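Enquirer: Structure below; questions to follow.
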Amino acid sequence: MDRQDIMESFSLMIEKYLARSITRIAVLLILRKSSEYGYNIYKTIKEHLYSRLSLSTLYTIL
């Protein structure tokens, strides 16, 4: 294996891990935003409809 092959395999490895890392970050950001929206829906329902509603009950209903 010459130097060029080593550099190509190294850059492919870095690209692969970079793509995985970016995907993980994107998924975590999406989960964070969706949980914020879900909690806001829960707060609104709890305030306006039923004050004793628990979060687990809401998820069961949904």
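Enquirer: Do you know which residues across the range 35-55 are over 17 Å from the mean Cα position of the chain (by Cα) and assigned to a helix (DSSP H, G or I)?
Expert: Here is the first cut: in the range 35-55, the ones over 17 Å from the mean Cα position of the chain (by Cα) are 40-55.
Once the filter is applied, which keeps residues that are over 17 Å from the mean Cα position of the chain (by Cα) and assigned to a helix (DSSP H, G or I), the range 35-55 yields 40, 41, 42, 43, 44, 45, 46, 47, 48, 55.
Enquirer: In addition: With 11, 56 as the choices, which residue is polar (S, T, N, Q), exposed (fewer than 10 other Cβ atoms within 10 Å of the Cβ) and without any contact (Cβ under 8 Å) to a residue 40 or more places away in the chain? First the steps, then the outcome.
Expert: Working: 11 fails: exposed (fewer than 10 other Cβ atoms within 10 Å of the Cβ).
The match here is 56.
Enquirer: Still on this model: Taking the options 12, 49, name whichever one is at pLDDT 85 or above and either more than 14 Å from residue 59 (Cα to Cα) or out of contact with any strand residue (DSSP E or B) (no Cβ under 6 Å at 6 or more places or on another chain) (or both). Break it down into steps so the answer makes sense when it comes.
Expert: Values: 49 fails: at pLDDT 85 or above.
Answer to the selection: 12.
The values are calculated or read from the model by the stated rules, or taken from the named source; none is laboratory data. Please read all numbers here as calculations on a predicted model, not as lab measurements. Backbone-built Cβ (ideal geometry, glycine too); neighbour counts: all protein chains shown.
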